[in-house]
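Take a look at the structure set out below.
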Amino acid sequence: MEKEYLIAACTGQAIDIKKGQQITIIDVEGGQVADFFAENTADQNEFLSTAVTIDCNESIRLNINDTIYSNLYTPMFTVIYDEVGQHDLLFPCCRPEMYDFFYQNGANHPNCFDNINKSLGENRLIIQPLNLFMYTTIDDKGKITIHKPLSKAGSKIILEAKMDMKIAVAACSVSEADTNGRKNSPLKITVN
Ligand SMILES: [Zn+2]
């Protein structure tokens, strides 16, 4: 039976996932980044690691059939379908300190760090999620540029779960840069 979750702009939600289920993350209006984090249901000290995923896949990109790994080098997801092809594995969740650093407006700014921590009922010190639909490029000197996402209204990526997990997804709150096309919009998640 399929379950559907609507994540309003600038909010987050946690969802329990069983091994073998398929999780579809849909950019409802287009141009919206999904901060996607996960932890092992049985052990919250095992969690999604973009660094380990980069290590194991020998790539800073996500491609179809790639595996997404935990900090303990265990497969958590496989990418089984992707309509966008540009996702970021480098940036941490936005958080008040980030908004202060770049825009001096961190106080009371909605942010993915708090939205994911609250949805999980946790106080993680840093969250480095998959930034689904986030479009970043790197030049020869290592300069990273954030572009408007390539995702259009209804664009989706589908992940298959490799263990029982709790996932937490936030519709990124940045409106000050091209990250989300200088606006904020909702996401839809389906699980089946
Ligand atoms: Zn964010």
Exercise for review: Examine segment 121-134 for a residue that is open to solvent by less than 70 Å² (accessible area, probe 1.4 Å), assigned to a loop (DSSP other than H, G, I, E, B) and charged (D, E, K, R), and state whether such a residue exists.
Suggested key: yes
Filtering segment 159-192 down to residues that are part of a strand (DSSP E or B) and either modelled with pLDDT under 95 or among the hydrophobic types (A, V, I, L, M, F, W, C) (or both) yields L159, A161, M165, I167, A168, V169, A170, A171, L187, I189, V191
The residue from P129, P75 that alone is away from the ligand (no atom under 12 Å from the Cβ), of a type outside the set (S, T, N, Q) and closer than 15 Å to E39 by Cα is P75
In segment 67-83, residues that are assigned to a strand (DSSP E or B) and surrounded by 13 or more Cβ atoms within 10 Å (Cβ to Cβ) total 11
Within segment 155-192, residues over 19 Å from Q128 (Cα atoms) and among the charged types (D, E, K, R) come out as K156, E160, K162, D164, E176, D178, R182, K183, K188
In segment 41-66, anything open to solvent by 30 Å² or more (accessible area, probe 1.4 Å), touching a Phe, Trp or Tyr at 6+ places or on another chain (Cβ under 8 Å) and in a strand (DSSP E or B) is listed as F47
Using the structure shown, decide if A9 is surrounded by fewer than 22 Cβ atoms within 10 Å (Cβ to Cβ), in a helix (DSSP H, G or I) and either at pLDDT below 95 or among the hydrophobic types (A, V, I, L, M, F, W, C) (or both). no
Residue set I138, I144, I116; condition touching a Lys or Arg at 6+ places or on another chain (Cβ under 9 Å) and modelled with pLDDT of 95 or more; output residue I116
With the first residue restricted to segment 88-103 and required to be under 15 Å from L132 (Cβ atoms) and modelled with pLDDT of 95 or more, and the second required to be away from the ligand (no atom under 11 Å from the Cβ) and among the aromatic types (F, W, Y), Cβ contacts under 9 Å at 6 or more apart or on different chains are D88/F133; D88/Y135; C93/F37
Quick check: is even one residue across segment 98-111 under 17 Å from A171 (Cα atoms) and open to solvent by 60 Å² or more (accessible area, probe 1.4 Å)? yes
If we keep only residues of segment 106-125 that are over 17 Å from A14 (Cα atoms) and within 14 Å of the ligand (Cβ to nearest atom), then the residue nearest to the chain's Cα centre (by Cα) is H109
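The values are calculated or read from the model by the stated rules, or taken from the named source; none is laboratory data. Please read these numbers as outputs of a predicted model, since none were measured by experiment. Heads up, the Cβs are rebuilt from the backbone with ideal geometry, glycines too, and the neighbour counts pull from every protein chain shown. Protein only, heavy atoms only, side chains kept; ligands, DNA and RNA dropped before computing areas. Shrake-Rupley method; radii C 1.70, N 1.55, O 1.52, S 1.80 Å.
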